[in-house]
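See structure below.
The values are calculated or read from the model by the stated rules, or taken from the named source; none is laboratory data. Every value quoted in this text rests on a predicted model; they were computed, and no experiment measured them. Glycine gets a Cβ as well: all are built from the backbone with ideal geometry, and neighbour counts include every protein chain shown. Accessible surface is based on the protein model in full, side chains and every heavy atom, while ligands, DNA and RNA are left aside. Shrake-Rupley method; radii C 1.70, N 1.55, O 1.52, S 1.80 Å.
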Protein chains: 2
Amino acid sequence: MKDLTLIEGIEISDEKEDLICYSYDASYAKGSLPELIAWPKSTEEIVKIVKWATNKGLKILPRGAGTGMAGGVIPINSKSIIISLEKMREVLEINQKNFTSIVEPGVINGELQKELMIHELFYPPDPASLDYCTIGGNVATNAGGPRAVKYGVTRNYCLGCEVVLSNGAVLTLGGKTLKRVTGYELKELFIGSEGTLGIISKVILRVLPQPEEVITLLISFDSIDSAGEAVPKIIGSGIVPRTLEFLDSSCLSLIEKNYELGLPTQVEALLLVELDGEITSIKRDGEKIVNIARKLKGETQIATDYYARENLWKARRSISPCILKMQDKEKINIDIVVPLDSLSKTFIKLNQLSNESNIPIISFGHAGDGNIHVNILVEKGNEEEKTRGFELVKKIFEFVVSLGGAISGEHGIGITKKPYINIQLEKKQIELMQAIKRIFDPKGFMNPGKIF
Amino acid sequence: MKDLTLIEGIEISDEKEDLICYSYDASYAKGSLPELIAWPKSTEEIVKIVKWATNKGLKILPRGAGTGMAGGVIPINSKSIIISLEKMREVLEINQKNFTSIVEPGVINGELQKELMIHELFYPPDPASLDYCTIGGNVATNAGGPRAVKYGVTRNYCLGCEVVLSNGAVLTLGGKTLKRVTGYELKELFIGSEGTLGIISKVILRVLPQPEEVITLLISFDSIDSAGEAVPKIIGSGIVPRTLEFLDSSCLSLIEKNYELGLPTQVEALLLVELDGEITSIKRDGEKIVNIARKLKGETQIATDYYARENLWKARRSISPCILKMQDKEKINIDIVVPLDSLSKTFIKLNQLSNESNIPIISFGHAGDGNIHVNILVEKGNEEEKTRGFELVKKIFEFVVSLGGAISGEHGIGITKKPYINIQLEKKQIELMQAIKRIFDPKGFMNPGKIF
């Protein structure tokens, strides 16, 4: 490709094997091959690429680590360039006095967590893909994670960002303070915008002092109903756990089959509860939870040391990859979120839909904040079943929205949920969003065909 | 006014005494008299008024309790109608299982706090005007308060809202869940929009379980430098106080002159620190703070019961009204916010500017989050001094922005800070905001002349 000299000095590729690798994410979506991939190393290089690409009429897709679950970084047009931010991975500042950190967009979430730990600091958002996913991608999807129960999502920690628009303009939005009221907070639009407004080239994060202690409780229940009952009882008791994860028996067998971690597979459901804070206070809360569980015939194991805890979390985080490994099944995964008081209603509905359709549904996720990962497992190659699987998706989304919930809690809309966006948003809201998109990106270069 | 029959059934007034009262807020700004005031009692009535007003070519100013500090609700055009939301003050839902509350916009912040207390729930944002200010106004200005140090600002608690646009359309934005990624989060644009995009007609708030215990520490220092040194020491020790307020001797004398609360007036500065949480843990943190203070020759008094604490807060909240009462002075008040590590630098700069100009500056505020209320006191009627006062404002704003801070932490821009918005925002950002304004309000009916 002759034109490559025009963006000389910047690492690029048009090798087929690269193009294929970068045309996927972690969802079931499939797209076109892009024309080119570029790996900028600075904001200036991003600007250079953007100007070159728009001049050539190429659509622009910013990409973090490609761990997205909604097809948000998949090209739908072969006249596309993928701008991979994965080589902009420097932690530029860790400020212990101001409780902020400034990072490049390609910094891996888990690596930042480890670096902050050295400074006795703590960045709460912890998507299951934290060992791979990037902070830029986290901002673009407003990523959550188990700890959202207590600490909220990426939006609550992104104090500011630098973005590059499709006309090459660089904007610095927000800043280094927790408070700030200076006109419309444009930064908030970029959080969760899935690369459709511009490219996030720098992020200012709020960080917290590291909690003094953490304990993890693994509670097993013989009945799924008892586990469901335990969730509101724990939260209603005034305890704010930092995680409250729900796994049913199908998840447990799946993990054991793949990893043999010694998890109880004879039980119907498992809660993974984590408490953090001052040691006497979390011990007391831990005892309260053990008692709540006992009354519902739940048995509690406690893991206090780092490695025991990490093992449990490895199990939890492996569920999604494990499902992908099921050779005869194709998964349609969604991440609905419902108000907490509708949680058991939702589990009952999912069971009912699975039974009616005779399609297995594996559910797990963040019971503490109502965010459930629903995996609809259809037979590979069975198109009729797949169609019925997508009909289930529609039914689930309609149910969720009727409860005041949302069709995505932390994955975003991308292309996989785009056909259902009308269930969530009225036409006039979508039109307002499209008008906002046109302000930032009048010619529609940025990640076209996503969200709406 | 004949046309009034057109919005029959809705409480309105064009009496001069009403028009005068509603042409002020709590700032030093002065505006025009509006033509009319309307007090809707429902979203439907808001829509009716909006349609009637736009048809008449009247500008529309939504207004909460008028406690704003930036002139945000002051009419600058006599062809205006004020829509006062103060009679829409019902708490529609308190949901203990989902930790949410749905309120009408005119609900008073402090009244909601009290009602939630009965349900053992807690709404953190606590502007000094909490006994008067409304939740709708809080959302429109992204209000903060002392507890922001630990709990953040209104934005962190507004999960959703209903808004009425100038074309009469009603939008329901966000929802009842903490997580949600479904396109651009339009709700976030309304938070801090100061009535320029539409009228907030309903708010869904996140609420928290009530903290188990609260203790309040009043620490007095003989030297302002020691007080300044104590702030980063306390925060750096890993303690997250729920408030960390700073008052200098001029504030203290002012309060004592007006209220005689028995505050120590011989000291140079005072910190008001509040801790909440599990009792053993906050006692331990309290002791840590006492020791930090002692090393800096600070003396600590502890208030544990509700009334003793409320007394201290009454004192703190009375500062602004006390300054207004100073008969020979006019106050120019601003609420800058700086990164925490620039706090002492900022106090030194303010002192220096006051000395150079020979104009007294009283500063107080939220040392824990870098948000300082700066009151520049100029002689009443002395126009030359007033001009110099506004020159100081400009210098302070330039300094604050150079530190990565903001010209308003929690009051907003309104009209009083509008002349300085260019210091904060680049031209291209302002243009983007103006374009967003045109999407929501193409004909410019909503609160014109504010922010930019």
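What share of Cα pairs, in percent, lie more than 26 angstrom apart in the range A:279-412? Before the final figure, lay out each step's value.
Details: 3192 of 8911 pairs.
Of all Cα-Cα pairs in the range A:279-412, 36 percent lie more than 26 Å apart.
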Helix A:43-56 sits at what angle to the longest principal axis of chain A, using alpha carbons and giving 0 to 90 degrees rounded to 10?
60 degrees
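Compare B:His119, A:His411 by solvent-accessible area with a 1.4 Å probe and give them largest first, with all protein chains kept in place. If you can, show how the numbers build up before the last one.
Values: B:His119 60, A:His411 30 Å².
The ordering from most to least exposed comes out as B:His119, A:His411.
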Can you send over the solvent-accessible area of A:Trp313, 1.4 Å probe, protein chains only, in Å² to the nearest 10?
10 Å²
When the scattering of the range A:213-320 is computed by the Debye formula from its Cα atoms alone, each counted once and equally, what is log10 I(q)/I(0) at q = 0.09, 0.14, 0.18 Å⁻¹?
-0.20, -0.50, -0.83
For the rotation taking chain B to chain A, the chain B residue with the nearest C-beta to the axis, plus the distance in whole Å, reads B:Glu188, 2
C-alpha long axis of helix B:249-259 to longest principal axis of chain B, angle in °:
70 degrees
Based on Cβ point charges of +1 for Lys and Arg and -1 for Asp and Glu, what charge dipole magnitude is obtained for the protein assembly as shown about its Cα centre, in debye rounded to the nearest 20?
1700 debye
By how many nm would the segment from B:Tyr28 to B:Tyr307 grow when fully extended, if each residue of separation counts as 0.36 nm and the alpha-carbon distance is taken off?
97.2 nm
Dipole of the range B:31-108, Cα-centred, from +1 at each Lys and Arg C-beta and -1 at each Asp and Glu C-beta, to the nearest 20 debye?
220 debye
What part of the accessible area of chain B, given as a whole %, is carbon or sulfur when the probe is 1.4 angstrom?
50 percent
Over the Cα atoms of the range B:137-287, each weighted equally, I'd like the Debye log10 I(q)/I(0) at q = 0.09, 0.18 Å⁻¹, rounded to two decimals.
-0.45, -1.03
The range A:2-84: D in µm²/s via Stokes-Einstein (Kirkwood Rh, Cα pairs, 25 °C, 0.890 mPa s)?
193 µm²/s
R0 of 51 Å, Cβ-Cβ distance B:Lys97-B:Lys295: FRET efficiency to nearest 0.05
0.65
For the charge dipole of the protein assembly as shown, defined by +1 on Lys and Arg C-beta atoms and -1 on Asp and Glu C-beta atoms about the Cα centroid, which residue among A:Tyr24, A:Tyr157, A:His411 has the Cα displaced farthest towards the positive pole?
A:Tyr24
Compute the semi-axes of the equivalent ellipsoid of chain B, taking the square root of 5 times each eigenvalue of the Cα gyration tensor, and list them largest first in whole Å.
37, 27, 20
Report, in debye and to the nearest 20, how large the dipole of the range B:359-425 comes out about its Cα centre when Lys and Arg carry +1 and Asp and Glu carry -1 on their Cβ.
120 debye
Under a point spin-label approximation (7 Å from Cα along Cα-to-Cβ), what is the A:Glu287-B:Lys427 distance to one decimal in nm?
6.7 nm
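Relative contact order (percent) for chain A, with alpha-carbon contacts under 8 angstrom and 6 or more residues of separation?
Working: 944 pairs, mean separation 69.4, N = 452.
Relative contact order, chain A: 15 percent.
May I ask for the Rg/Rh ratio of the range B:87-143, computed from Cα atoms with Rh as the Kirkwood radius, given to two decimals? The partial results should precede the final answer.
Numbers: Rg = 10.6 Å, Rh = 11.3 Å.
Here the Rg-to-Rh quotient is 0.94.
Residues of the range A:213-320: accessible area per residue at 1.4 Å, in Å²? Show your work: numbers first, answer last.
Numbers: 4830 Å² over 108 residues.
It amounts to 45 Å² per residue over the range A:213-320.
Pulled fully out, how much extra length does the chain show between A:Met117 and A:Glu384, if you take 0.36 nm times their separation in residues and subtract their Cα-Cα distance?
Numbers: separation 267, 0.36 × 267 = 96.12 nm, distance 5.00 nm.
Net length gain for the segment: 91.1 nm.
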Quick one: helix B:224-236 against the long Cα principal axis of chain B, what's the angle to the nearest 10°, folded into 0 to 90?
80 degrees
³J(HN,Hα) computed for each position of the range B:213-223 - Karplus, 6.51 cos²θ - 1.76 cosθ + 1.60, integer Hz, glycine/proline x:
9, 9, 10, 10, 10, 10, 10, 9, 10, 6, 10
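Probe radius 1.4 Å, ligands and nucleic acids left out: can you give me the accessible area buried at the B-A interface, summed over both chains, in Å² to the nearest hundred?
On the way: alone 19990 and 20010 Å², together 33870 Å².
It comes to approximately 6100 Å² buried between B and A.
Shape of the range A:129-183 from its Cα gyration tensor (a ≥ b ≥ c, root eigenvalues): rounded if a/c is under 1.5, otherwise prolate when a/b > b/c, or oblate? Intermediate results must be reported in sequence, preceding the final value.
Numbers: a/c = 3.08, a/b = 1.35, b/c = 2.29.
It comes out oblate by the Cα gyration axes.
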Could you grab the relative contact order for the range A:213-320? Cα pairs under 8 Å, six or more apart, rounded to a whole percent.
45 percent
How far apart, in nanometres, would the label points at B:Lys79 and B:Lys395 be if each is projected 7 angstrom from Cα along the Cα-to-Cβ direction?
4.3 nm
Beyond 23 Å, the calculated P(r) of the range A:91-209 holds a percent of Cα-Cα pairs equal to 22 percent
Quick P(r) readout (the protein assembly as shown; Cα-Cα; 20 Å bins; whole %) gives 14, 46, 33, 6, 0
The simple spin-label model distance between B:Leu324 and A:Asn358, using points 7 Å out along Cα→Cβ, in nm, is 7.3 nm
First measure r as the distance between the Cβ atoms of B:Thr265 and B:Glu212, then evaluate 1/(1 + (r/R0)^6) with R0 = 51 Å and state the FRET efficiency to the nearest 0.05.
0.90
Mind checking which of B:Cys322, B:Ile289, B:Tyr307 is farthest towards the positive end of the range B:231-327's charge dipole, using Cβ charges of +1 (Lys, Arg) and -1 (Asp, Glu) about the Cα centre?
B:Ile289
Given a cut-off of under 8 Å on Cα pairs at least six residues apart, what relative contact order in percent is computed for the range B:2-84?
38 percent
Surface/4 estimate of mean projected area, convex hull on alpha-carbon atoms of the range A:22-153, nm²
8.4 nm²
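So what is the 222 nm mean residue ellipticity for chain B from helices alone, if each DSSP H run of at least 4 adds -39500 (n - 2.57) and you divide by all residues, rounding to the nearest 500 deg cm²/dmol? Before the final figure, lay out the partial values.
Details: 15 runs with 159 residues, N = 452.
So the calculated ellipticity at 222 nm is -10500 deg cm²/dmol.
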